[in-house]
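See below for the structure under consideration.
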Amino acid sequence: MNHPPLNVNRERLDADIRRLAEFTDPNLPYTRRAFSPEYAAAREWLAERFRDAGLDTRVDAAGNLIGRLGAGGGPVLMLGSHIDTVEAGGRFDGVVGVLGALEIARRLRESGAALARPLEIVDFVCEEPTIVDLSPLGSRVMAGDVTAEMIAAAAVPSGEPLGEAIARLGGDPARLHEARRKPGETLAYLELHIEQGPVLERAGADVGIVTVIAAPCRAVVSLTGVADHAGATSMADRRDALAGAAELILAVERAASAPDLAQESVGTVGFLRVSPNMVNVIPGRVDLTVEARSTQSEALLWAREEIERSLREIAARRGLDATLEWRHLEEPVPIPVEMQDVIAESATDLRIRAMRLPSRASHDAARLAPVAPVGMVFIPCKDGRSHCPEEWAETDDVAAGAEVLARALLELDAQSRAVR
């Protein structure tokens, strides 16, 4: 590769990250849920930064914020991620992908480097599970995986219809088809992201080259027993829904920890609603979510079957009624070897230490994979922590990741010139 480094402006990039962190629920940092007032204000600020960088800026029908560098039609190169957060989340998850891409666009203009293809920087709307059954929303719409009917039937947590919330951001659900991209319309999509795990930090690597993105599968489970007096009901006569739920939680943990499963397989129960939730009443019903993730389809199938088997056994033994519905099923997404190699060669040329590794978390890149070749660059995060206020990435690591991303972008653009 014969591409000069773009030399991203570390101070400017760091200042942007710090400024964006200020758009948060002040009582619960760092919280910027999609469609919240904090999110809407952050999007306005980001759009202004896009325009200041000379990008032709718009919001597509799905609510994705897009900045474009370069004129003309035809296939585009794309960089991006998201700026929405989970509740009490972090300052870097998704953010480094959007602001790193913005810095690359700035440096392209400032250095006078001209791409053969138009470049689009995308802040995908609602990547985090604010709308549980539809998130990541923006990238799924772009890939044609969410319909106008699905949006019409959904609402944001405040109760506002999802279509109205999208329109409030500048989108137009009535023209949702205009946000979709057909295969071939995007030459390649690259995403910079914190690892959200400890592998890079422990290995002493500067960047990671993602080989496969794990698939999440989520289910809604209900266990129903009998609510009764906590003092007057003997242990033998109880049909305690919460005790059954506790057993199921441990069964999920055992299933995900089975020695024969892929190392990247995980299982989580992250939400419970207990009824009537009184100190002196035996819980009569528990609703909970179950999630399994893996980089291998066979491991996911086995985990789902084992969780279902465990639920049936627990319910029968404890005299509980049980239901389980898988509402979100995905398949692992392998990253094309050609995209991995471009990123690896970019890191080598820049003398940046890199290693290949799977992504245990899902990303917008996974949703765009059906319509475009995708690649991901990971950077270390302190102690591997993410989705928490303690989430941290060093500025030098963010800059190194952006440099690798930029060089890979230039190489993909050069390859597109060769085949025109």
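The values are calculated or read from the model by the stated rules, or taken from the named source; none is laboratory data. Just so it is clear, the structure is predicted and the values come from calculations on it, not from any experiment. Neighbour counts run over all protein chains shown; Cβ positions are idealised from the backbone, glycine included.
Selection of the stretch 324-373 for residues being hydroxyl-bearing (Ser, Thr, Tyr) and within 23 Å of the chain's Cα centre (by Cα) yields SER359, SER362. Candidates are the residues of the stretch 360-384 that are part of a helix (DSSP H, G or I) and touching a Phe, Trp or Tyr at 6+ places or on another chain (Cβ under 8 Å); the one that is surrounded by the most Cβ atoms within 10 Å (Cβ to Cβ) is ASP364.
Within the group ALA241, ALA215, which residue is buried (at least 16 other Cβ atoms within 10 Å of the Cβ), under 33 Å from the mean Cα position of the chain (by Cα) and either closer than 30 Å to PRO136 by Cβ or modelled with pLDDT under 95 (or both)?
Going through ALA241, ALA215 in turn, the sole match is ALA215.
In summary, GLU11 fulfils each of the numbered conditions (1) touching a Lys or Arg at 6+ places or on another chain (Cβ under 8 Å); (2) under 26 Å from VAL404 (Cα atoms) with the single exception of condition (1).
ARG19 - would you say it is farther than 23 Å from ALA113 by Cα and either buried (at least 22 other Cβ atoms within 10 Å of the Cβ) or within 18 Å of the chain's Cα centre (by Cα) (or both)? It is false that ARG19 is farther than 23 Å from ALA113 by Cα and either buried (at least 22 other Cβ atoms within 10 Å of the Cβ) or within 18 Å of the chain's Cα centre (by Cα) (or both). The residues listed here are LEU410, LEU357; of these, the one that is within 30 Å of LEU134 (Cα to Cα), in the same structural domain as ARG91 (by TED's automatic domain parsing) and outside any loop (DSSP other than H, G, I, E, B) is LEU357. Residue-level check: of (1) buried (at least 23 other Cβ atoms within 10 Å of the Cβ); (2) of a type outside the set (Lys, Arg); (3) assigned to a helix (DSSP H, G or I), VAL146 misses just (3). In the stretch 25-37, the residues that are assigned by TED's automatic domain parsing to the domain that holds SER158 reach residues that are acidic (Asp, Glu) and outside any loop (DSSP other than H, G, I, E, B) with C-beta atoms within less than 7 angstrom, at least six apart or across chains, in these pairs: ASP25/GLU38; ARG32/GLU38.
Each residue in the stretch 248-302 was checked for being in a loop (DSSP other than H, G, I, E, B) and at pLDDT 95 or above, and 7 of them qualify.
For the stretch 282-322, a residue qualifies if it is under 20 Å from ASP237 (Cβ atoms), among the aliphatic types (A, V, I, L, M) and surrounded by fewer than 16 Cβ atoms within 10 Å (Cβ to Cβ), and exactly one does: ALA316. Sub-9 Å Cβ pairs linking a first residue in the stretch 372-392 that is free of Cβ contacts under 8 Å to residues at least 12 places away in the same chain and outside the structural domain of LEU190 (by TED's automatic domain parsing) to a second residue that is assigned to a strand (DSSP E or B) and not polar (S, T, N, Q), at least 6 apart or interchain, number zero. Pairs linking a residue in the stretch 47-67 that is closer than 23 Å to ARG181 by Cα and buried (at least 23 other Cβ atoms within 10 Å of the Cβ) to a residue that is modelled with pLDDT under 95 and not polar (S, T, N, Q), with Cβ atoms under 7 Å and 6 or more positions apart or on different chains, do not occur.
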